[in-house]
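Trainee: Sharing a structure below in structure tokens format, with a few things to ask.
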Amino acid sequence: MANVPLKSAGNELKVFLHVTNQCNLRCVHCCVDSRQKLGNELGAAEIGRFVDELARMGATRINFTGGEPLMREDIFELIEYAAGKGMEVRLETNGSLLTKEKIARLKSAGLDLLTVSLDGSRRGTHDSFRGRAGLFDTVVREIRNAMAAGLDTTVSFCVSKHNIGEAMGMPELLAGVGVRKMSYLFFTPIGRGAINAALTIGNDKWLDFRRRIEIKRQQMKDRISIRYALSILTPDEASGRLGKEMEWCTLVEPNTPTIAPNGDVYPCVLLMGNKQSCLGNIRDESFSKIWNPSRIAAIREGGDRNERCLGCRHAPKCAPGCIALAASSAEGIDQRCDGKNVPVCPCTLHPQKW
């Protein structure tokens, strides 16, 4: 990707802060393989100072995620503090720990958007994917409670071979409980997902799924807004409008830093834990010094290393596909690259705005 100009690294920062590695579930797709709380996780005062710096830098949004962020007892205070700095505040949760009381506290703290995961339209599908019996009923109940409380709520559905057969029915299910926004995510074999890589959907099947979901999106636009990962572009799409609008890689326009529970900074969530991609630690130096084009460019340029990319007309933007997926491959190339279709960022959603 060395030939793609790196855009400003300081505009409209949308930060993903992993406030803990601790999680009460063992989801098969977890890209960070969350388990136990780390011994060196950031404390509330450290997070407060980080939020102060983000505010000075003009950050527009902070996403509290994990692990499971609701396992931190001070999460409500952290949300309130960030909201007080004028940023849009979001929280991503598996939904298992939500209650009416916690939903009320989240809203009172100033949370702007609650994102809840629901990975099946049936109990058995979701519960087996997330590793907890009875979870489906809990999540659906608390989504209803969040909607009733007036808390803006969206639902994420991670599409894999395990649940793709139920994906098309999700918009009706969610619209039925009052949800107005949902997203389809692409299963990436990173973290715990690498152990379950067989669940990854192949290119042709994903392209077919995308076509069907786009039809569904148009059909249901008055009831629910649908976004989905593009992940793969056909050659015509790559050369046309989608190729121009799509973020081929978030490292090209770096505005979504990921902060690990211990303060390590990464340019993308899929690179979290890859020490070669760590830009620095907010305990050791200021975030404004860490988040600069030269450090990010060094990671991007390290991806130009596979002979299969030579001669491909999309290589200047793409090669070697997603850097995180390439780094996790023994061949050093994104396995979605099939010589026909073009892999793009598996995390970026389309349309890019609700």
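Trainee: Output the relative contact order of the chain, whole-number percent, from Cα pairs under 8 angstrom with separation of 6+ residues. Don't skip to the end; give the middle numbers.
Mentor: Details: 690 pairs, mean separation 75.3, N = 354.
Here the relative contact order equals 21 percent.
Trainee: While we're looking at this one, here's another question. Tell me, what is the 1.4 Å probe accessible area of residue 289, in Å² to the nearest 10?
Mentor: Rounded to the nearest 10, that gives 120 Å².
Trainee: With springs only between Cα atoms under 10 Å, which of 215, 296, 190 fluctuates most in a Gaussian network model of the chain?
Mentor: Of 215, 296, 190, the most mobile in the Gaussian network model is 215.
Trainee: To the nearest 0.05, how large is the calculated FRET efficiency for residue 108 and residue 353 if R₀ is 25 Å and r is the Cβ-Cβ distance? Numbers along the way, then the final one.
Mentor: Values: r = 27 Å, r/R0 = 1.09.
Step by step, r from the Cβ atoms, then E = 0.40.
Trainee: For a Förster distance of 41 Å, can you work out the FRET efficiency between the beta-carbons of residue 49 and residue 197, rounded to the nearest 0.05?
Mentor: On the way: r = 39 Å, r/R0 = 0.95.
For residue 49 and residue 197, the calculated efficiency is 0.60.
Trainee: Okay, moving on. Multiply the residue separation of residue 214 and residue 85 by 0.36 nm, subtract the distance between their alpha-carbon atoms, and state the gained length in nm to one decimal. Spell out each step's value before the answer.
Mentor: Values: separation 129, 0.36 × 129 = 46.44 nm, distance 3.72 nm.
Here the segment from residue 214 to residue 85 would lengthen by 42.7 nm.
Trainee: Which one, 267, 352, 71, projects farthest toward the positive side of the charge dipole computed for the chain from Cβ point charges (K/R +1, D/E -1)?
Mentor: Checking the options against the dipole of the chain, the answer is 352.
Trainee: Related question: Which value, in Å², gives the accessible area per residue of the chain when a 1.4 Å probe is used on the protein heavy atoms? Walk me through the numbers before you get to the answer.
Mentor: On the way: 14860 Å² over 354 residues.
Per-residue accessible area for the chain comes out at 42 Å².
Trainee: Where does each of 71, 220 land when they are ordered by accessible area, with a 1.4 Å probe and the largest first?
Mentor: 71, 220
Trainee: Tell me, what is the 1.4 Å probe accessible area of residue 76, in Å² to the nearest 10?
Mentor: It works out to around 20 Å².
Trainee: Using a 1.4 Å probe over the heavy atoms of the protein chains, calculate the carbon and sulfur portion of the accessible area of segment 58-161 as a whole percent. Intermediate results must be reported in sequence, preceding the final value.
Mentor: Working: 1780 of 3960 Å².
Of all accessible area on segment 58-161, carbon and sulfur atoms account for 45 percent.
Trainee: What length, rounded to one decimal in nm, is gained on full extension from residue 205 through to residue 172, with 0.36 nm per residue of separation minus their alpha-carbon distance?
Mentor: Numbers: separation 33, 0.36 × 33 = 11.88 nm, distance 2.21 nm.
Computed gain between residue 205 and residue 172 is 9.7 nm.
Trainee: Here's a follow-up. At a 1.4 Å probe radius, which order do 122, 300, 223, 26 fall into by accessible area, largest first?
Mentor: Working: 122 150, 300 5, 223 115, 26 90 Å².
I get 122, 223, 26, 300, largest accessible area first.
Trainee: Grab the DSSP H runs of the chain that are 4 residues or longer, score each as -39,500 (n - 2.57), total them, divide by all residues and round the 222 nm result to the nearest 500 deg cm²/dmol.
Mentor: Numbers: 15 runs with 120 residues, N = 354.
The per-residue figure over the chain is -9000 deg cm²/dmol.
Trainee: Right, next: How much of residue 226 can a 1.4 Å solvent probe reach, expressed as accessible area in Å² and rounded to 10?
Mentor: Number for this one is 10 Å².
Trainee: Work out the length of the dipole vector of the chain about its Cα centre, built from +1 on the beta-carbon of each Lys and Arg and -1 on the beta-carbon of each Asp and Glu, and round it to the nearest 20 debye.
Mentor: Roughly 700 debye for the chain.
Trainee: For segment 13-29, just list the computed ³J(HN,Hα) in residue order, Karplus coefficients 6.51, -1.76 and 1.60, θ = phi - 60°, integers in Hz, with x standing in for Gly and Pro.
Mentor: 5, 10, 9, 10, 10, 7, 7, 7, 8, 5, 8, 8, 10, 10, 5, 5, 9
Trainee: Next question. Extension gain residue 57-residue 340, at 0.36 nm per residue separation less the Cα-Cα distance, in nm? Numbers along the way, then the final one.
Mentor: Values: separation 283, 0.36 × 283 = 101.88 nm, distance 4.14 nm.
The span from residue 57 to residue 340 would gain 97.7 nm if fully extended.
Trainee: OK, next. Return the sequence-ordered ³J(HN,Hα) values of segment 284-300 in whole Hz as given by the Karplus equation 6.51 cos²θ - 1.76 cosθ + 1.60 applied to θ = phi - 60°, using x for Gly and Pro.
Mentor: Using θ = phi - 60°, the values come out as 9, 7, 5, 5, 4, 7, 5, 8, 9, x, 5, 5, 5, 4, 4, 6, 4 Hz.
Trainee: Against the 2.2 N^0.38 Å scaling, with N counting residues, where does segment 198-335 land? I'd like the Cα-based Rg ratio to two decimal places. Kindly include the intermediate steps, with their values, before the conclusion.
Mentor: On the way: Rg = 17.3 Å, N = 138, 2.2 N^0.38 = 14.3 Å.
Taking N as the residue count of segment 198-335, the ratio is 1.21.
Trainee: Quick check on segment 68-217: what are the equivalent-ellipsoid semi-axes from the Cα gyration tensor, as sqrt(5λ), descending, whole Å?
Mentor: Working: eigenvalues 156, 56, 48 Å².
Taking √(5λ) for each Cα gyration eigenvalue gives 28, 17, 15 Å.
Trainee: Here's something else I'd like to know. Count the net charge of all other residues whose Cβ sits under 10 Å from the Cβ of residue 90, scoring Lys and Arg as +1 and Asp and Glu as -1.
Mentor: On the way: positive: 14, 61; negative: 88, 92, 112, 152.
Its environment carries a net charge of -2.
The values are calculated or read from the model by the stated rules, or taken from the named source; none is laboratory data. The shown structure was predicted, so the numbers you read here are calculated from the model rather than taken from an experiment. No Cβ is skipped: glycine too gets one built from the backbone with ideal geometry, and neighbour counts run over all protein chains shown. These area figures cover heavy atoms from the full protein model, side chains too; ligands, DNA and RNA do not enter into them. Shrake-Rupley method; radii C 1.70, N 1.55, O 1.52, S 1.80 Å.
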